[in-house]
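Below: one structure, written as structure tokens.
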Amino acid sequence: MALIASLVLMVMDFRFHQLQYLRDSLTVVLHPLYLIADFPKTASHWLSDTTSTREQLQDSNASLKEENLRLLARLQKFESLQAENIRLRNLLDSTLKIDDRFLIAEITSVDLDPYRHQVLINKGSASGVFVGQAVLDADAVLGQVIQVTPLSSTVLLISDATHSVPVEIVRTGERSIAIGTGKIGTLDLPHLPSQTDIEVGDTLVTSGLGGKFPAGYPVASISSINRDTNSGFAQISATPTAYLERSRQVLLVWRNDQNSVNQ
Amino acid sequence: MAQDQNRIWVVWLSLLLALFLTIVPIPSVIEIYRPQWLALFLIYWTIALPERINVGHGFIFGLLLDVLTGTTMGENALSLSLITFIAYQAHPRLRVFPYIQQAFSVLALLLIQKLISFVVLGMTLGMTPESSYWTAPLIGVLLWPSIFYFLRKTRRRMRVH
């Protein structure tokens, strides 16, 4: 009985994705377990925060101020460029919405299945997170939300074997799809012909096709190219730019045209 | 008798502990060697209390494990139902087996879970894990005596029948 039930469950989950509701409600029930497992990390953060000395705080404050100043200076330049970009696009009559909205979330330190590249973050539908939302770290695209509960959500990393992201080569503008391999640190680009103009070190950014990821965020850089294949397609691998294993804080993105509940 | 019945929460608490041990963060280098806590705990309780703990518990807690770790729903529910079923069928023998023989039986049961996950990984992700994937059951068997001792002590102290 139980064996048949579990087989049916597996087929339903994998083939038809019909169990989201059951999975969501069970995750809510199990939320305390996540909190307990995450507790040592949270407690040690809190402890180091409360016991840090005045000098340490002053030091970090000073360095943060300095960094803030540097970033503000860069932002000024960026803003003028953005204004110019919008002006030019208006001339061309094309609409591109820049200005995405962000929400910072933290990756909880619980270990999920080591063969599925998923992480749990501490923001859920109560903060307006939705399934399919793009997740970034400070450097690049990290993955997308695949499950949302009120207080937490699960993020599928771009390196998972079931994940693909539409990309564009910055140098040439050529589009392709970067597919996860199940290994942290490698993506595959299987759909480019051997004679493609592509070089090791080329940067890939999201192309915005497919509608899930906003356009223009860095994804990966090309790490190896093998053009000697019989299939006519080159074997190209890329290294994700985001620190998939080490990120602690992530950014959830709302594109400007997607309305959402709150900040 | 009514009092005894209530003691079943001790078992549930220990199974929740096993779930907790499965997700508690450890360095990612040794993550792959993490013992199959829930399977080990379920095997003990099935052998100790076969009339109370069997396939139903294997199924429910397997499902919880699936939800908790993000595996395909039913993957661990299937393997843990199978493990508890076999342990239930064999419990009269498992109880009286000498230590070595019992350890080998536990190893076989733990391998069932790994084998099912292996097949599911291959079917859903098209992925073949490296050979170190198979070492977790060995570590589980090495831990088996201490788990057995700890749970038996808990069971006797709490008088769970």
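Residues checked against (1) part of a helix (DSSP H, G or I); (2) in contact with a helix residue (DSSP H, G or I) (Cβ under 8 Å, 6 or more places away or on another chain); (3) exposed (fewer than 15 other Cβ atoms within 10 Å of the Cβ); (4) within 14 Å of chain A (Cβ to nearest Cβ):
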site: B:Q113; (1), (2), (3), (4): yes, yes, no, yes
site: B:T128; (1), (2), (3), (4): no, yes, yes, yes
site: B:Y133; (1), (2), (3), (4): yes, yes, no, yes
site: B:L138; (1), (2), (3), (4): yes, yes, yes, no
site: B:H161; (1), (2), (3), (4): no, yes, yes, no
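Do you know which residues across the stretch A:163-188 are among the polar types (S, T, N, Q) and either in contact with an Asp or Glu (Cβ under 7 Å, 6 or more places away or on another chain) or within 19 Å of A:Y243 (Cα to Cα) (or both)? Please lay out each step first, then the result.
First, pick out the residues of the stretch A:163-188 that are among the polar types (S, T, N, Q): A:164, A:172, A:176, A:181, A:186.
Result: A:S164, A:T172, A:T181, A:T186.
So which residues in the stretch A:9-48 are modelled with pLDDT under 80, assigned to a helix (DSSP H, G or I) and exposed (fewer than 12 other Cβ atoms within 10 Å of the Cβ), if there are any at all?
If the condition is that a residue be modelled with pLDDT under 80, assigned to a helix (DSSP H, G or I) and exposed (fewer than 12 other Cβ atoms within 10 Å of the Cβ), then A:R15, A:F16, A:Y21 are the ones that fit.
Restricting to the stretch A:88-99, and then to whatever is more than 26 Å from the chain's Cα centre (by Cα) and surrounded by 10 or more Cβ atoms within 10 Å (Cβ to Cβ), can you tell me which residue is modelled with the highest pLDDT?
Step one: of the stretch A:88-99, the residues more than 26 Å from the chain's Cα centre (by Cα) are A:88-94.
With surrounded by 10 or more Cβ atoms within 10 Å (Cβ to Cβ) added as a condition, the list becomes A:88-90.
Numbers: A:L88: 77, A:R89: 73, A:N90: 71.
Filtering the stretch A:88-99 for residues that are more than 26 Å from the chain's Cα centre (by Cα) and surrounded by 10 or more Cβ atoms within 10 Å (Cβ to Cβ), the one modelled with the highest pLDDT comes out as A:L88.
Condition test on B:M123, is it touching a Phe, Trp or Tyr at 6+ places or on another chain (Cβ under 7 Å), facing chain A (nearest Cβ under 10 Å) and either of a type in the set (S, T, N, Q) or surrounded by fewer than 21 Cβ atoms within 10 Å (Cβ to Cβ) (or both)?
Here the answer is no, as B:M123 does not meet what is asked.
Starting from the stretch B:49-78, take each residue that is within 23 Å of B:H161 (Cα to Cα) and facing chain A (nearest Cβ under 8 Å) and list its partners that are among the hydrophobic types (A, V, I, L, M, F, W, C) and surrounded by fewer than 20 Cβ atoms within 10 Å (Cβ to Cβ), counting only C-beta distances under 6 angstrom and pairs at least six apart or across chains.
Pairs found: B:V55/B:F85.
Taking the condition of being in contact with a Ser or Thr (Cβ under 7 Å, 6 or more places away or on another chain) and either modelled with pLDDT under 85 or at the interface with another protein chain (Cβ under 9 Å from one of its Cβ atoms) (or both), how many residues in the stretch B:80-97 meet it?
Residues flagged as in contact with a Ser or Thr (Cβ under 7 Å, 6 or more places away or on another chain) and either modelled with pLDDT under 85 or at the interface with another protein chain (Cβ under 9 Å from one of its Cβ atoms) (or both) within the stretch B:80-97 amount to 2.
Does the stretch A:221-254 hold any residues that are assigned to a strand (DSSP E or B) and in contact with a His (Cβ under 8 Å, 6 or more places away or on another chain), and which are they? Show your work before the answer.
Kept after step one, since they are assigned to a strand (DSSP E or B), are these residues of the stretch A:221-254: A:221-226, A:233, A:235-240, A:249-254.
Matches in the stretch A:221-254: A:F233 only.
At least 1 residues that are charged (D, E, K, R) and at pLDDT below 90 in each: list the helices (runs of 4 or more DSSP H) lying fully within the stretch B:1-64 that qualify. Let's see the steps before the verdict.
Numbers: elements: B:2-6, B:8-23, B:37-48.
Result: B:2-6.
Considering only residues of the stretch A:99-131 that are among the hydroxyl-bearing types (S, T, Y) and closer than 26 Å to B:F20 by Cα, which is farthest from the other protein chains (Cβ to nearest Cβ)? Before the answer, list the steps.
Within the stretch A:99-131, the first condition is being among the hydroxyl-bearing types (S, T, Y), and the residues that meet it are A:108-109, A:115, A:125, A:127.
This time we only want the ones that are closer than 26 Å to B:F20 by Cα, so: A:108-109, A:115, A:125.
Values: A:T108: 9, A:S109: 4, A:Y115: 6, A:S125: 17 Å.
Residue satisfying both the conditions and the ranking: A:S125.
Based on what the data block shows, is A:L156 farther than 21 Å from A:S231 by Cβ, in contact with a helix residue (DSSP H, G or I) (Cβ under 7 Å, 6 or more places away or on another chain) and outside any loop (DSSP other than H, G, I, E, B)? Let's see the steps before the verdict.
Values: farther than 21 Å from A:S231 by Cβ: yes; in contact with a helix residue (DSSP H, G or I) (Cβ under 7 Å, 6 or more places away or on another chain): no; outside any loop (DSSP other than H, G, I, E, B): yes.
The answer is no for A:L156.
So which of B:L115, B:L125, B:L109, B:L121 is under 19 Å from B:L38 (Cβ atoms) and at pLDDT below 90?
On the way: B:L115 fails: at pLDDT below 90; B:L125 fails: under 19 Å from B:L38 (Cβ atoms); B:L109 fails: at pLDDT below 90.
None of the others qualify; the one that does is B:L121.
The values are calculated or read from the model by the stated rules, or taken from the named source; none is laboratory data. Note that the coordinates shown come from a computational prediction; the quantities given were computed from them, not determined experimentally. Every residue, glycine as well, gets a Cβ built from its backbone with ideal geometry; the counts of neighbours run over all protein chains shown.
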